Amino acid sequence: PNIQSNEVILWYCQLPGRGPELLVTGHKGSKELQEPLGRLSVEADRRSSALWLAQPWRGDAAVYYCAVG
């Protein structure tokens, strides 16, 4: 189902041997990221979200989680 308008999309990154850390949040549309360099996208119908890293490097190898809150 659609994510409600009062809910936030949250992206977490979990590096090996560490706990998850909040990376970025968003509501709807596209948002440029400075750290890490890239873009967060939340589709207009609020059914999906994508996180793109512009210049990934080996240190970005991790588990990435998307959550709604």
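The values are calculated or read from the model by the stated rules, or taken from the named source; none is laboratory data. Nothing here was measured: the structure is a model prediction, and the numbers come from that model. In this analysis, Cβ positions are derived from the backbone assuming ideal geometry, glycine residues included, and neighbour counts consider all displayed protein chains. Note: accessible area is taken over every heavy atom of the protein model, side chains too, but ligands, DNA and RNA are not part of it. Shrake-Rupley method; radii C 1.70, N 1.55, O 1.52, S 1.80 Å.
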Going through (1) of a type outside the set (Asp, Glu); (2) more than 23 Å from Asn2 (Cα to Cα); (3) surrounded by fewer than 10 Cβ atoms within 10 Å (Cβ to Cβ) one by one, Gly69 fails only at (2)
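Can you tell me which residues in the stretch 6-19 are on the phi < 0 side of the Ramachandran plot, open to solvent by less than 100 Å² (accessible area, probe 1.4 Å) and assigned to a loop (DSSP other than H, G, I, E, B)? Even if it seems obvious, please write down each step before you answer.
We begin by selecting, within the stretch 6-19, every residue on the phi < 0 side of the Ramachandran plot; these are 6-16, 18-19.
Of the ones still in play, those that are also open to solvent by less than 100 Å² (accessible area, probe 1.4 Å) are 7-15, 19.
Result: Glu7, Val8, Leu15, Gly19.
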Leu22 fails exactly one of the following numbered conditions: (1) among the hydrophobic types (A, V, I, L, M, F, W, C); (2) outside any strand (DSSP E or B); (3) open to solvent by 70 Å² or more (accessible area, probe 1.4 Å). What is the number of that condition?
(2)
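Is one or more of the residues making up the stretch 38-57 in contact with a Cys (Cβ under 7 Å, 6 or more places away or on another chain), open to solvent by less than 90 Å² (accessible area, probe 1.4 Å) and part of a strand (DSSP E or B)? Quick ask: steps written out before the conclusion?
Just the residues of the stretch 38-57 that are in contact with a Cys (Cβ under 7 Å, 6 or more places away or on another chain), to begin with: 49.
If we keep only those that are open to solvent by less than 90 Å² (accessible area, probe 1.4 Å) as well, we get 49.
Imposing the further condition that a residue be part of a strand (DSSP E or B) reduces the set to 49.
Yes, there is a match, as at least one residue in the stretch 38-57 is in contact with a Cys (Cβ under 7 Å, 6 or more places away or on another chain), open to solvent by less than 90 Å² (accessible area, probe 1.4 Å) and part of a strand (DSSP E or B).
Residue-by-condition table, conditions (1) in contact with an Asp or Glu (Cβ under 7 Å, 6 or more places away or on another chain); (2) of a type in the set (A, V, I, L, M):
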residue	(1), (2)
Asn2	yes, no
Val8	no, yes
Gln34	no, no
Val68	yes, yes
